[in-house]
Structure formats: C-alpha cells, structure tokens
1. For chain B, give the magnitude of the charge dipole about the Cα centre (Cβ charges: +1 Lys/Arg, -1 Asp/Glu; no others), in debye to the nearest 20.
2. Using Cβ-Cβ distances only, list the Cys residues of chain B with no partner cysteine under 4.7 Å, sorted by number.
3. Can you list the lysines whose alpha carbon is less than 26 Å from that of B:K139, not counting same-chain residues fewer than 8 positions off?
4. Can you list the lysines whose alpha carbon is less than 23 Å from that of A:K93, not counting same-chain residues fewer than 8 positions off?
5. Long-range amide H contacts for A:G130: which residues qualify at under 5 Å (H placed 1.01 Å from N, peptide plane, sequence gap of 5 or more or a different chain)?
6. Summing -39500 (n - 2.57) over the DSSP H runs of n ≥ 4 in chain B and dividing by its residue number, what mean residue ellipticity at 222 nm do you reach, to the nearest 500 deg cm²/dmol?
7. The range A:66-100 to the range B:73-92: how many Å between their Cα centroids?
8. What whole-number volume per residue, in cubic angstrom, does the convex hull of the C-alpha atoms of the range A:4-155 give?
Amino acid sequence: MDLLPFFQWCYETPIGEAIRNSNWMFALIEACHLVGLGLTGGAVLIVDLRLLGAGLRKQPVALLSAGAEPWLVGSVTLMFVSGIPLFLSEAIKCLYSFPFWVKMISLLLALVFTFTIRRRVTQAGPTSDGPLPARITALISIALWFGVAWGGRWIGYS
Amino acid sequence: MSFLAFFEQLAETSWSVELHESQYAYSIVESIHVWTLCLFFGTVAMVDLRLLGWTMRGVPVSEFARRVLPWTVLAFVIMVISGTLLVYAIPVRTYQSIFFRGKMLLLVLAGLNVWFFHSRVYPKVAAWDLDGVPPRAVKVAGAFSLVLWSCIIFSGRMIAYNWFDCDRQPQPAIINFLAGCVPTDSGR
C-alpha cells in the first residue's frame with residue numbers, strides 16, 4: 001500500500017500549510033499538546049498505580065476508574081485536537097519517521113487495551129492490594145502509553 | 001560575581017560542553033524531563049481537580065494528599081535534576097531566555113501557592129475532608145495550581161525557540177532588558 005499520496009495530501013492541507021508558514025503556531029499547539037500529555041498521564045497513572053497496589057489503594061478501583069475516565073477521554077481528545085494539526089504540518093517527515101509509527105501503533109494498542117481489557121479489570125474491581133492480573137494490566141497499560149510518549153518525543157529528534 | 005559571569009563560567013566546564021555536544025545524552029535528559037511531566041503534572045492535576053470538586057468526590061482529600069502527593073514529590077525531584085542538567089548543558093543562552101526567566105518566576109509563584117495551601121488551607125482539612133466540593137479557599141488554591149503549572153509547561157516549551165535570543169538583534173529594548181542581553185557582546 002502506497003501511503004505517500006495520503007500523507008502528501010495531509011501535508012498540503014490548508015491547516016498544515018498555515019502552521020508551517022507561521023512562526024509561533026507550531027510552538028503554541030505543541031505546548032497545548034504537552035499539557036494534554038500531563039493530564040493524560042495523570043488520568044492513566046492514578047488508576048494504574050492503584051492496580052499496582054500503590055497510590056489511592058484504600059479506594060475501590062471501580063470508583064477511581066469511573067472518576068478518571070472523563071478526564072482520560074477529555075485529555076486524549078485534547079491530544080488529538082492538538083496532535084492532528086502538528087502532524088499535518090510535517091506529515092511527509094512523519095511518514096518516514098520510525099518513532100512516528102511506534103507512536104501510532106502504541107496509541108492504537110493503548111486505546112483498544114484501555115477500553116476493553118483494562119476497563120473490564122477495573123470494573124470487576126479487585127479490592128485487595130494489587131492481585132497479579134491487576135498488576136499485569138497496569139504494567140501493560142503503562143508500557144503502551146509509554147510507547148506513545150517515547151514515539152512522540154523522538155519524532156522531534158529525527 | 002554576577003549571574004551572567006556565573007553562567008558563562010558554567011559553560012566553560014567540560015561536562016557542560018560534553019552534555020551539549022553529546023549525540024544522545026542531551027536528548028535523553030530532555031526526554032526524561034518531558035516524560036516525568038506525566039507523573040508530575042498528572043498527579044498535581046488529579047489532586048487539583050479533586051480540590052475543585054471536579055473528580056472522585058467520594059475520595060477524601062486527605063487520602064489524595066497522603067497517597068498521591070508523595071508521587072508528585074518524587075516526580076518533582078526528577079524534574080529538578082533533569083531540568084538543572086538541561087540548563088547546565090546550555091547555560092548562557094538559557095539564562096538569557098525570557099521564557100526561562102518567566103518559568104522561574106512562575107515556579108516561585110507556584111511554590112508560594114503550595115506554601116499557602118499547606119500552611120493555611122490544608123491544616124483545617126478535617127472540616128471539609130469528605131466534602132464532594134470543598135470550600136472556596138480550597139478551590140482557589142487548586143485552580144491557581146492548575147493554571148500556574150500549565151503556564152510553566154508553556155514557558156518551558158518555549159525555551160526551545162530562539163525568537164528573542166540575545167544573538168538575534170535588533171530586539172525591542174524591553175526584550176533586551178528582560179532577557180538581560182548585553183548589547184556589546186550579543187553579536188550586534
């Protein structure tokens with residue numbers, strides 16, 4: 001499958017071009033993307049720490065996960081809203097960037113994992129401190145989201 | 001010794017040069033600084049959102065303070081160590097960056113907010129520990145924290161851009177003043 005025409009089209013969108021032609025737009029959008037990164041980290045880690053038997057470990061997992069979920073969805077939405085324009089502005093570079101593909105694949109896996117397996121584990125609500133399946137779920141979640149963060153940072157170095 | 005002379009001397013040290021010129025070390029330190037943001041700003045934000053009554057209203061605020069803030073402190077230590085190394089790698093330019101200066105000022109304000117919260121607001125936590133939506137003073141501290149740390153992220157990110165660097169003259173006089181540019185050796 002030849003992806004170049006699609007990435008070329010992305011690169012040539014008016015949004016992509018406007019960002020490339022501006023001195024400050026990329027910087028400002030990227031700063032929003034960073035705030036979103038921190039928020040996403042918080043909404044993910046507050047639950048994953050609990051699954052590991054740390055953090056708010058006296059609270060039921062289901063309560064924490066229900067409280068964190070709107071913020072997870074909101075912050076991931078902020079990441080998409082800020083990340084897509086950043087991508088459009090340098091789509092061609094992304095196509096040939098290894099970290100970009102690591103990020104996209106990790107992101108897909110992280111989202112699927114979070115809203116299927118991890119959601120089932122948190123809703124089942126292990127009450128004792130971090131049983132093994134809960135710990136493994138948390139570690140997979142952290143590893144997948146770290147893949148997203150790793151790729152995101154290293155797109156900039158390539 | 002002036003601050004500028006101090007940073008100029010830092011720039012002369014061999015470790016500073018090596019960190020600056022290394023192929024991977026600088027990028028790795030910078031990455032650690034960014035990734036730790038997830039733990040630092042993430043835990044700060046969750047605590048602030050609880051103080052505002054915007055999440056997990058059923059969890060006592062004191063639980064958040066006891067069980068989550070230690071992670072915030074750990075992350076802050078990593079942020080300070082990695083951040084100091086980043087300054088050490090590029091001392092003079094960073095010292096003369098208006099965004100770095102703005103970030104340090106905002107850090108002082110955020111620190112004052114932390115001090116105000118823990119010395120004036122939090123000692124009375126027993127009275128509102130279980131409140132889904134805490135009293136006004138608590139919410140204000142949470143909101144200040146969220147806004148200040150977001151601004152710190154913004155100014156930190158902007159340090160990477162050279163729009164107002166001393167070696168890019170002419171700059172408006174106000175910029176040169178705020179950045180502490182010395183026009184004679186600023187490549188005018």
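1. Dipole magnitude for chain B comes out near 860 debye.
2. B:C38, B:C151
3. A:K58, B:K103, B:K124
4. Hits, sequence-local ones excluded: A:K103.
5. A:G53
6. Helix contribution divided over all residues of chain B: -22000 deg cm²/dmol.
7. 26
8. Working: hull volume 15.0 nm³, N = 152.
Spread over its residues, the Cα hull of the range A:4-155 gives 99 Å³ apiece.
Any read-out appearing in this document is the output of simple, stated calculations on the displayed coordinates, not a laboratory observation. From a predicted model like this one, the values you see are computed outputs, not experimental measurements. Note that we place each Cβ from the backbone using ideal geometry, even for glycine, and neighbour counts take in every protein chain shown.
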